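Everything below concerns the one structure shown next.
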Amino acid sequence: VLAHLSGDGVVAVQAGSPYFAPRSYWCIGATLAANGLRTVPYHVDVPSFGDWGFFLAGRSRPTFHLAPVMTTRFLSDDQLRVAQVFPRDRPPLTMPPSTLMDPRILRYAQSEWKQ
């Protein structure tokens, strides 16, 4: 991803649920960071999925804001700020990155989604 981003480009990565699969979620963030990306974790309540998490990533730490030309019914700059706050029962976890030779994310996902 880093090789394809422009200097100020950003990518949004869907990373599962920080509630149902916290090790998987934070492992994805660690994997992005281990590959040179600066990340901002965020999560939203998605109907029928529950608490769902994402990472915004870029060469430098991305900032969250709506483009001035965007008009939305739900999303606001305040909502984006709140999306970056995780409750006490879902703190950030320090996880090792997943790699091709050690695909931790696969093991985490398999164990966490069994429940």
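Ligands, DNA and RNA are left out, and with a 1.4 angstrom probe the accessible area of the chain is 67 Å² per residue. In a reduced charge model with +1 at each Lys and Arg Cβ and -1 at each Asp and Glu Cβ, the stretch 1-79 shows a dipole moment near 240 debye about its Cα centre.
Note on ARG107/THR72: beta-carbon distance plugged into 1/(1 + (r/R0)^6) with R0 of 30 Å gives a FRET efficiency of 0.20.
Computed about its Cα centre, the charge dipole of the stretch 58-115 is approximately 80 debye, with only Lys, Arg, Asp and Glu carrying charge at their Cβ. Of the accessible area of the chain, computed with a 1.4 Å probe over protein heavy atoms only, carbon and sulfur atoms account for 59 percent. Taking mean projected area of the Cα convex hull in nm² as calculated from this structure, the corresponding entry among [x] 7.0; [y] 8.4; [z] 7.6 is [y]. For the peptides 75-87, 51-63, residues were scored by their other Cβ atoms within 10 Å and the scores averaged per peptide; the highest-first order is 51-63, 75-87.
The values are calculated or read from the model by the stated rules, or taken from the named source; none is laboratory data. All values derive from a computational prediction rather than experimental measurement. Cβ sites come from the backbone with ideal geometry, for glycine too, and all protein chains shown count toward neighbours. Heavy atoms of the whole protein, side chains included, go into the accessibility calculation; ligands, DNA and RNA do not. Shrake-Rupley method; radii C 1.70, N 1.55, O 1.52, S 1.80 Å.
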